[in-house]
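Student: I have a structure here, written as structure tokens, and I will follow up with some questions on it.
The values are calculated or read from the model by the stated rules, or taken from the named source; none is laboratory data. None of the values given here were measured: they were computed from a predicted structure. Glycine gets a Cβ as well: all are built from the backbone with ideal geometry, and neighbour counts include every protein chain shown. Ligands, DNA and RNA are excluded from the accessible area calculation, which covers all protein heavy atoms including side chains. Shrake-Rupley method; radii C 1.70, N 1.55, O 1.52, S 1.80 Å.
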Amino acid sequence: MQLSNPYDSAKDERRKRSTSDSEFDKYYYYMESVQSPETDAEFLRDTYIEINSKVPKTLREDFCGTFAVCCEWAKLGEDHLAYGVDIDSEPIQYGLSQYHALLSEEQKTRVNISKGDVLKSELPRTDVSCSLNFSYFCFKERNILKAYLQRTYNALNPDGIHVLDCFGGGKCQEANEEETIDEELNYSYFWDQDSFNPINHHAQFYIHFQKKGEKKREKVFSYDWRMWSLPELRDILLEVGYKDVLFYWEGTDEDGEGDGTYTRTEDPQEECEAWVAYIVAKK
């Protein structure tokens, strides 16, 4: 007889509750729409192994939000230790009740989350650190972004890597709104680029959701960002001391959409209206 996985059972229960008519769980729909924490954790581990030919043990997730990546990291091995830092207590509390609570008692001891500012808080030394979901785009001034990336360099162990994700392309330099329909969960996710300033690359984004048969929920998440370019980021990372900066480009499927597979390259050899890439900085 095959035993059921308590983690999967809890996820199913959360899904039933989160998609019920009586409530709207914005963090649940955010996860379903834009996050893949298990894939991210595996990418961070595998990329470190590719570069250093050894297994990383420690991770720090900056701007960690609900810190789902930290929880997935702890599940990768009994010696994997994760730290998360975020300035907002609301997503941290959600992560504690919805993700951290599903870990085994032993795994919970290896996930350490703190509320704080990544520009001021003491950052634990780790093998890997990351700034995902374009979170560092909140730093609009070069000197502030550089100060943050200097802190990531200083906090890494020897041979450490810091990983960021980035997006861009012509479609991201104009106002537009894109709807993605999830037939299984009966809702739509809207990525809304409300504005773009070509002089300073400041842009306003919103995420809207609409459950089937219900009114559209406007501006559930809001982002006031500067869209940094890959050359700008490489220059700053090298300036703060990183020895090398590598780019991993997302491939496309038959429909021209991102396929979730990232390949290291210096020349993507394709023109994309919108693209997503990982940036890996080596200490």
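Student: Residues of the chain: accessible area per residue at 1.4 Å, in Å²?
Tutor: Numbers: 14310 Å² over 283 residues.
It amounts to 51 Å² per residue over the chain.
Student: OK, next. With a 1.4 Å probe and all protein chains left in place, how much of the accessible area of the chain comes from carbon and sulfur atoms, in whole percent? Spell out each step's value before the answer.
Tutor: Working: 6450 of 14310 Å².
Answer for the chain is 45 percent, counting heavy atoms of protein chains only.
Student: Between region 87-133 and region 32-84, how far is it from one alpha carbon centroid to the other, in angstrom?
Tutor: Computed from Cα coordinates, the inter-centre distance equals 11 Å.
Student: Hey, another quick one. Sorted by average packing, counted as other Cβ atoms within 10 angstrom per residue and highest first, what order do 64-72, 184-192, 101-109, 126-134 take? Could the numbers behind the result be given before it?
Tutor: Numbers: 64-72: 26.0, 184-192: 16.3, 101-109: 13.0, 126-134: 23.2.
Result, highest mean Cβ count within 10 Å first: 64-72, 126-134, 184-192, 101-109.
Student: Let me ask something else about it. Counting helices only, and only those DSSP H runs with n ≥ 4, report the 222 nm mean residue ellipticity of the chain as the sum of -39,500 (n - 2.57) divided by its residues, in deg cm²/dmol to the nearest 500.
Tutor: On the way: 8 runs with 83 residues, N = 283.
About -8500 deg cm²/dmol.
Student: Report the antiparallel proportion of the DSSP beta bridges in the chain as a percent, rounded to a multiple of 5. Could the numbers behind the result be given before it?
Tutor: Values: 41 of 60 bridges.
Once the DSSP bridges in the chain are tallied, antiparallel ones form about 70 percent.
Student: Through the Karplus equation 6.51 cos²θ - 1.76 cosθ + 1.60, θ set to phi - 60°, convert the phi angles of region 230-244 into ³J(HN,Hα) values in whole Hz; use x for Gly and Pro.
Tutor: 4, x, 4, 5, 4, 4, 5, 4, 5, 4, 7, x, 4, 6, 7
Student: For Cα extents along the principal axes in Å, which listed value, [x] 53, 45, 42; [y] 54, 44, 27; [z] 51, 47, 39, comes from the coordinates shown?
Tutor: Answer by label: [z].
Student: Can I ask one more? Only four residue types carry charge here, +1 at the Cβ of Lys and Arg and -1 at the Cβ of Asp and Glu. Report the dipole size of region 181-283 about the Cα centre in Debye, rounded to the nearest 20. Don't jump to the answer; show the numbers that get you there.
Tutor: Details: 12 positive and 23 negative charges, 153 e Å.
With only Lys, Arg, Asp and Glu charged at Cβ, the dipole is about 740 debye.
Student: Still on this structure: Read phi for every residue in region 148-157 and hand back ³J(HN,Hα) as whole Hz from Karplus 6.51 cos²θ - 1.76 cosθ + 1.60, θ = phi - 60°, with x for Gly and Pro.
Tutor: Once rounded to whole Hz, the list reads 5, 5, 5, 5, 5, 5, 5, 8, 7, 5.
Student: Run the quick spin-label model on Asn143 and Asp194: label points 7 Å from Cα toward the beta carbon, then report their separation in nm to one decimal.
Tutor: 2.9
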